[in-house]
1. Looking at region C:140-163 only, could you name the residues that are part of a helix (DSSP H, G or I), within 23 Å of residue C:191 (Cα to Cα) and away from chain B (no Cβ under 13 Å)?
2. Answer with yes or no whether residue C:283 is within 9 Å of another protein chain (Cβ to nearest Cβ), in a helix (DSSP H, G or I) and among the hydroxyl-bearing types (Ser, Thr, Tyr).
3. Out of region A:162-189, which residues are crowded, with 24+ Cβ neighbours inside 10 Å and of a type in the set (D, E, K, R)?
4. Just give me the residues in region A:164-199 being more than 26 Å from the chain's Cα centre (by Cα) and among the aromatic types (Phe, Trp, Tyr), in sequence order.
5. Does region B:255-262 include one or more residues that are touching a residue at least 24 places away in the same chain (Cβ under 8 Å), under 23 Å from residue C:262 (Cα atoms) and of a type in the set (D, E, K, R)?
6. Only one of B:72, B:55, B:84 is surrounded by fewer than 16 Cβ atoms within 10 Å (Cβ to Cβ) and touching a helix residue (DSSP H, G or I) at 6+ places or on another chain (Cβ under 8 Å). Can you tell me which?
7. Being more than 7 Å from chain A (Cβ to nearest Cβ) and among the aliphatic types (A, V, I, L, M) is the filter here; which residues of region B:90-115 pass it?
8. Under the condition of being part of a loop (DSSP other than H, G, I, E, B) and farther than 24 Å from residue C:285 by Cβ, which residue from region C:226-245 is farthest from the other protein chains (Cβ to nearest Cβ)?
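The values are calculated or read from the model by the stated rules, or taken from the named source; none is laboratory data. Since the model is a prediction, treat every value here as computed from it, not as a measurement. Every residue, glycine among them, receives a Cβ derived from its backbone with ideal geometry; neighbour counts consider all protein chains shown.
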Amino acid sequence: MSLLSTAPRLLVDVAPRSTWKSPWKRVTVIAGMTVTSFWLVVLITLSWWAPYKPLDAVGGRLQAPSWHHLFGTDALSRDVFTRTLYGARQTLPVSVGVIVCAVTIGTVLGSLAGFFGGWIESVVMRLVDVTLAFPPIFLAMAVAAALGPGLQNAFFAMVIVWWPIYARLIRGQVQAVKHRDHIQAAVSIGATRWRILRKHVLPLSFTPALINATLDLGQVVILTATLSFLGLGAKPPSPEWGAMITDGAQFFYQWWVAVAPGIAILTVAMSFNFLGDGLRDALDVRAKR
Amino acid sequence: MTSTSIEAPLVQVRDLVKEFEVRRSSWRTQATTLQAVSGVSFDISAGEALALVGESGCGKSTTARCVLRLTEPTSGSVRFDGVELTELSSGELRKARKRFQMVFQDPYTSLNPRMTVGEIVGEPLLVHGANAAEQLARAAELLEQVQLGADAADRYPHQFSGGQRQRVGIARALALSPDLIALDEPVSALDVSIQAEIIRLLQHLRDELGLAFLFIAHDLSVVRHLSHRVAVMYLGKIVEVARTADLYSRPAHPYTKALLSAAPIPDPLIERDRVRIVLTGDPPTPVNPPSGCRFRTRCWRAESLCAEVEPPLIDIAEGHKVACHFNLWS
Amino acid sequence: MSDLTTPPLLEIRDLHVRFAVRNGQVHAVRGLDLTVHRGEVAAVVGESGSGKSASMLATLGLLDINASASGSVRFDGTELLGAPPPVLRSIRGGRIGMIFQDPMTSLNPVLDIRRQIAEAVITHRQVSPRQAESKAVELLEMVSFPDAVRRARSYPHELSGGMRQRVMIAMALANDPDILIADEPTTALDVTVQAQILDLLRSLRQSRELAIVLITHDLGVVAGLADTVNVMYAGRIAESGPVVDIFHRPQHPYTIGLLASLPRLDRPDRELTPIGGVPPRLYEEPEGCSFAPRCRYAVEACHEVEPPLERVEASMVACSVLPMRSRTAEGSL
């Protein structure tokens, strides 16, 4: 009976802001933070303590994991453990860079579209529609292929794929915030449109983009690896996770060559997801007025 | 109505019209226009409180927003202290806004949750070129004036109750020492015990600062406490204007009578013995208003004349205008 | 007034409702006692957060999962609190009808109103769909829905707020309930439409001997419809009694303050006296009387001990000072 299912919900006044409800949530968030900081520390300090150089041939080919080579060696006798750690130096900056660029472009264009409407909105949103009409991986592949292989070109390709997501998100937020009374109040005190956009609209529209960005970071890591795996990203000798999996895929019985970078991708992507999830709860947009 | 006398009104609104385009259904792209305000005229003198009263959808809020040019009127004239507001460029308008401000209905959405109360109250000054020190001093003064206390300045809106937030909204409207404040249902979102505080504060400010009010409300008992004159609106038009005491003691338009008789009185002994006029039906939609007098479809006095000729708003006593074909006093 | 010797239709005793929130809990209803007799209109009055809606949702077993209720709710001899869901379902919409503030969100937008009312009938009775639909039209006529036969096929969005509320009332009455729980039934409506709905409720309670629990913040509505009034403050009854006594001889300082702060159409020259302060938020238990911090009559003891409900003349009052009584006592000396 429709009457029961839609009984009004009770609005208890929002309690002072706090963090995560369930203990499980807390575990995942702490795990996310731990793994992320582990990779950050690795990224920064790696060159001082790494056991080998990523491009040097050490020991024999395709050796199984041992105390000397934690994840064995690959076909060119390089230490897989060292290469995996060095891989973070390629993937993480690229992924963060892609997200930062995408969020910046998306925010600027999306907020202009949402706030001013009219022809600006038409132009921006048609561009967004066209881009989002393609599956992201295909579009990224197509662009990367057109620009030529290389991590830098893969970077551009991914920004092109990703900015429309944020443009659309921000535009929706701006449109929702735009009709709140405090915007009208800002108009009525004589504030300029730029001031209103900067002080009153954007600060309230940005939170979902921030949460989304953290969640997307994991996906961008995977996409970077995917492009490299397909030979459209980082080029051979450089230790990039996707490219390393390509190498490892040829050796079925020497599983360690592909598994090590695989684990790296898995941990990074999952921890970003956990972080984004926790961030969403901490900033809980819905409960705030 | 005089144009040259010394006591020219502060605000002169003439034939104000506001149309909205509505799309009746998504597959039919042809737009229909909805006339929310259909030719409204009124004056507000300096220091006077005029109330616009009516039910939801009668256009009272839209009228106020058009007067302040928060919404662009479709046609008509709004003169503020001799200046035609509808013709100002956006830059000129921003400067002119110093003299007329607004207080909003919902104290939860009308304050920016990311700004401190001090920033909110001081923003109008900042926008009009005050420096940080002036802003701080004035914000403290304003918060005292609305009885919140200067130490409220460092806190955020969510740390306050609805009534306190409404005080912040009022302080913001006072910041630039305006001549006119439009109040859009300023107490209807508040709890009963809080409403009285805000009404008292507004009464006090009106008398103390000599502010003119354009007060939008649906609650006739609140209006009675806050306004000098009342204009009753029905479906985008003013049907009666009078001084507050006259309107309540001798309502002339059938709709005003119905409104007054429908408003409940919190006293069981009086309330149960009242003879009330209960209107049938609901207000018609402004997309397709009735011909002639717009109230005729719900009016118990309506005759064939009402469907044909629209009654003009005419004087029936000093300062008392009514738009009805009948003399309901006789 | 109904006969006080017959057992009450609805009897709520020591009802507590707690909501789990992020940092602990809100004790929204703190020991509510409420009695409704057959054919009686009992108003529950209070401001937002006073627990009036929460207590009714608890009564109907409609609380969200983050809420818990304890105490006793007896409806015509059956304990509702903790009753198995099938029992609750048969009573809700059967012997207890409900209407809410916003009829639009309570109606299904994709079913025409005849189907929706028929649905309410079929849920509780063994009737054919055809019978149910003719019953639906009958019900619409009963709530004075204009042109009911033809307009029974309208969808909710085609109706005005007042008409939707009539549909809600028709649905609530579909199974001849003994009691109607109306949560702010006219708050979303304009005054002229509110007057129509109040007229309808008045005539229904007379023609069908319907008991009504009227939850509202509007004392004007209460004055016109209720027999007894229960004034709630911070999750408890501050004062309850016959409507005339509450309005003309209020005993609790909160009731007195509420009436003094009310703008009145018939008394334009009266100064409004605000109560001042804000209600407690109930994240923690108030110490002593919950109204004491806002009360102008409060003495030291008020801040220490929460006063119980006690009989004062015709009313029940939870106040240890009773300012009005001491005044009349002094006057009579």
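1. So in region C:140-163, the residues part of a helix (DSSP H, G or I) come out as C:140-142, C:148-151, C:156-158, C:161-163.
This time we only want the ones that are within 23 Å of residue C:191 (Cα to Cα), so: C:140-142, C:156-158, C:161-163.
The answer is C:140, C:141, C:142, C:156.
2. Working: within 9 Å of another protein chain (Cβ to nearest Cβ): yes; in a helix (DSSP H, G or I): no; among the hydroxyl-bearing types (Ser, Thr, Tyr): yes.
So residue C:283 fails the test.
3. The answer is A:171, and nothing else.
4. Selection gives A:194 alone.
5. Yes, region B:255-262 has at least one match.
6. One residue alone meets the criteria, B:72.
7. B:93, B:96, B:103, B:115
8. Initial filter on region C:226-245 (part of a loop (DSSP other than H, G, I, E, B)): C:226-227, C:234-235.
Cutting the leftovers down to farther than 24 Å from residue C:285 by Cβ gives us C:226-227.
Values: C:226: 8, C:227: 9 Å.
Going through the qualifying residues, I end up with C:227.
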